[in-house]
Structure formats: structure tokens, C-alpha cells
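The values are calculated or read from the model by the stated rules, or taken from the named source; none is laboratory data. No experiment lies behind these values; they were computed from the predicted model shown. Note that each Cβ is placed from the backbone with ideal geometry, even for glycine, and that neighbours are counted across all protein chains shown.
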Amino acid sequence: MPQTVYEVRKENFTSLAEYVTDWRLNLKWPSVFILPFWLQTWWDHFGEGYELLLFSVWKEGALIGIAPLKYQDSTASLLGSPDVCDYLDFITVPGEEKHFFHALLATLDEQGIMKLELYGQRPEAAIFGNIFPKKQSKGWKGSFERENVSSEINLASSWESYIAALDKKQRHEVRRKIRKLENETQSFTYKLLAERDEITGFIPRFLEMFLNNPEKKEFMDSKMESFFRHLISAAAETGLVRFGYLELDGSVVAAVLFFDYQERIYLYNSGYDSEYFALSVGLLAKIFCIRDNIERGKQVFDFLKGREIYKSRLGSKTVPIYLATLTRA
């Protein structure tokens, strides 16, 4: 039988942007965190010290996958970092994953790469079922460990159904907080920003509320702030980013930043005015965001990584997130 011909090519961000818009390729881009605009924004801000390795894998002349990698000190890893990219993965054509990894690992071997570190791996990531659970693949040995957990809600068909599915105590708490807001304010409303200009115009107010939290203020150094500004602006060009904000008596008091991709809502960050802490405006902005997206027919509300207790109280389930490592045997 003739041998299957594989080719591994080096790509750039321009070619990745062309691939993502070509539906004929049948590529699976699993999450918002591996779309070209996100990868390039991360690279522009945090790529110093790494070599960029954007590989595409071709089988008999057909594109079957993309490996967005960075390289440093004999170790390759997926482009991005766990602090700002909750999930990372390869981009593959469904059904071609084994062929993709066969060609990719052979190329990494030829280039003298000794280790492949894969942060942010969800249970359905391409590496699982294709490299793992065998834990060994043609000269590479693998291991994986739990890195973190994320939380998500499979959204109900209606707000009433969502509320009814909550634990009795939490159902009471959600209703109590909404009633308190109604009783102690003259008016309130939750608004959605989805257009490019209104999103970019809201960035300063969002960052102002975000930095009200001392822990977030420590996280948001000048480089990280630049990343956030450029990321939101780049995402606004794609139409995938949203701000939702809670307004009390004409004043914006809390906001959520989220991404809307493939009927999944990624709640990326939030902020609130500390003067309104007693009204639980930060939590209520998230609750109203859930309600709004139920009404819009979205399927999953993803709180992303972290073990904050409010996530389970709002009805989410936890999902393990893994660090998978492949090392040359």
C-alpha cells in the first residue's frame, strides 16, 4: 500500500485568520481562547523570550489541523498562558486527530523539542482519546494532572426553569437579592453592549470598576491592562465580545465582560462600584447576565476557571482542567 504523505508547514497569524473564516476546511476551533485574534494579542504582549511555532499539518494535501505553539528552553507549549487563557487546545478536523498528532510529534522530534506542556486542557481536548490514556506515542511518554477546575451551567429554556432548578436556599437568596434591589432603588436596569464602538467606549469605565477589587488591582499591571484593552478592541472587531452592565438610578454600578462564541457564554471578568456592595450589585450583574442569555437562547454559561463559591450557588457544575505533559522517551 502507498504510504500516507504528511506535510507540516509553518504558518503566521495572517494565514490563521484566513483559515478560521474558511468553513470548507471543517476545522474545529474549540474555544474563544484559541481564535487568531486572541492568540495574536497574547503574543504581542507576552511573547517575549519565546519562539513562535505556528504549525499546520496536511495529509495528502488536505489541512487536518493546526498547532499554535511557542517554544523556549527545549519545551514547546500551546500559545497563551493559564492566567488569561482558561482553555487551550489544538485546532483539528474531527476524525483526523490521530493522524494530526502522528505528524506533529514527528516534527517536534526532528526539531529537537524535548517536552510538550499543555495547560488548560478540558476533558474533551484533542489530546485525550488520541494520545491519552495510552500515555506513550512513538518515543513520547505522557502524564497529566489536574491543574484547576472550571464551572458551567447548561442553560434552561426559560428563566423560571433555571430558578426552579436551583437549590431551595439559593433560589430564595436570588429572589431576595432582586427584591432588595427593587425596594431600595428608584429604578434599575441591566443593559447589553454588543456594538464595536459602544464596547470600546465602555472599556475605561469597566476597568475603573474592575480595579476596585484590591486583588484584581495587583493583577492588573500596565502590561496586563494593555493586553485587556487590545484584546477587547480586537474581539469587538469580530463581534464576539459583550459588556453587560447594571444601572441604578442612572448610574453604572456593576459590569460583566463576556464572550459569545458557538452558543457558549464565557464570563471572562467583572467589576462593580464598591459603594453599592450592600446591594450585591456584582453578583446581581452576573445573575442578570445569566437571565439575559437564557432569553437569547444560549446553551452554556461558562464561569471559567476558579473555585469561587458563588458559581456553585448559581447552579453550576465543575469541570476538571488538566495540565498534560509529553516528554521524549
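Got at least one residue in the range 138-159 being within 24 Å of ILE265 (Cβ to Cβ), in contact with a Leu (Cβ under 9 Å, 6 or more places away or on another chain), assigned to a helix (DSSP H, G or I) and among the aliphatic types (A, V, I, L, M)? No, the conditions are met nowhere in the range 138-159. Going through (1) touching a helix residue (DSSP H, G or I) at 6+ places or on another chain (Cβ under 7 Å); (2) within 26 Å of GLU152 (Cβ to Cβ); (3) among the polar types (S, T, N, Q) one by one, GLN40 falls short only on (2).
Which residue is nearest to GLN186 (Cα to Cα), if the candidates are limited to the range 267-298 and must be among the aromatic types (Phe, Trp, Tyr) and part of a helix (DSSP H, G or I)?
Filtering the range 267-298 for residues among the aromatic types (Phe, Trp, Tyr) gives 268, 272, 276-277, 288.
Of the ones still in play, those that are also part of a helix (DSSP H, G or I) are 276-277, 288.
Details: TYR276: 14, PHE277: 17, PHE288: 18 Å.
Among them, the one singled out is TYR276.
Taking the range 210-228 only, how many residues are among the basic types (Lys, Arg) and either touching a residue at least 60 places away in the same chain (Cβ under 8 Å) or touching a helix residue (DSSP H, G or I) at 6+ places or on another chain (Cβ under 6 Å) (or both)? Break it down stepwise before answering.
Taking the range 210-228 first, the residues among the basic types (Lys, Arg) are 216-217, 223.
Those left that are additionally either touching a residue at least 60 places away in the same chain (Cβ under 8 Å) or touching a helix residue (DSSP H, G or I) at 6+ places or on another chain (Cβ under 6 Å) (or both): 216, 223.
Residues in the range 210-228 being among the basic types (Lys, Arg) and either touching a residue at least 60 places away in the same chain (Cβ under 8 Å) or touching a helix residue (DSSP H, G or I) at 6+ places or on another chain (Cβ under 6 Å) (or both): 2 in total.
When LEU193, LEU207 are checked against the criterion of being more than 18 Å from the chain's Cα centre (by Cα), farther than 30 Å from LYS28 by Cβ and touching a residue at least 12 places away in the same chain (Cβ under 8 Å), a single residue qualifies: LEU207. Report whether or not PHE210 is at pLDDT 95 or above, assigned by TED's automatic domain parsing to the domain that holds ALA278 and in contact with a Gly (Cβ under 7 Å, 6 or more places away or on another chain). Answer is no for this residue.
Applying the selection to the range 271-292, what residues are among the polar types (S, T, N, Q) and modelled with pLDDT of 95 or more?
Within the range 271-292, the first condition is being among the polar types (S, T, N, Q), and the residues that meet it are 274, 280.
The one that is among the polar types (S, T, N, Q) and modelled with pLDDT of 95 or more: SER280.
Annotation note: Cβ proximity below 7 Å between a residue of the range 260-289 that is more than 28 Å from GLU237 (Cα to Cα) and among the small types (Gly, Ala, Ser) and a residue that is surrounded by fewer than 22 Cβ atoms within 10 Å (Cβ to Cβ) and at pLDDT below 95 (sequence gap 6+ or interchain) occurs for SER274/ASN212. Residues in the range 210-230 that are more than 20 Å from the chain's Cα centre (by Cα) and in a helix (DSSP H, G or I): PRO214, GLU215, LYS217, GLU218, SER222.
Give me the residue from the range 271-290 that is small (Gly, Ala, Ser) and out of contact with any helix residue (DSSP H, G or I) (no Cβ under 6 Å at 6 or more places or on another chain) and, out of that set, surrounded by the fewest Cβ atoms within 10 Å (Cβ to Cβ).
Our first condition is that a residue be small (Gly, Ala, Ser); within the range 271-290, this holds for 271, 274, 278, 280, 282, 285.
Right, trim to out of contact with any helix residue (DSSP H, G or I) (no Cβ under 6 Å at 6 or more places or on another chain) and you get 274, 278, 282, 285.
Working: SER274: 12, ALA278: 8, GLY282: 23, ALA285: 22.
Here the residue is ALA278.
For the range 1-38, a residue qualifies if it is part of a loop (DSSP other than H, G, I, E, B), under 27 Å from GLU110 (Cβ atoms) and over 21 Å from the mean Cα position of the chain (by Cα), and the qualifying residues are MET1, PRO2, GLN3, THR4, VAL5, GLU11, ASN12. In the range 164-191, the residue that is nearest to LEU279 (Cα to Cα) out of those that are crowded, with 16+ Cβ neighbours inside 10 Å and of a type in the set (A, V, I, L, M) is LEU181.
So which of GLY80, GLY129, GLY95, GLY112 ends up being in the same structural domain as LEU16 (by TED's automatic domain parsing), surrounded by 19 or more Cβ atoms within 10 Å (Cβ to Cβ) and on the phi > 0 side of the Ramachandran plot? If you could, list the steps in order and put the result at the bottom.
Details: GLY129 fails: surrounded by 19 or more Cβ atoms within 10 Å (Cβ to Cβ); GLY95 fails: surrounded by 19 or more Cβ atoms within 10 Å (Cβ to Cβ); GLY112 fails: surrounded by 19 or more Cβ atoms within 10 Å (Cβ to Cβ).
After ruling out the rest, the residue left standing is GLY80.
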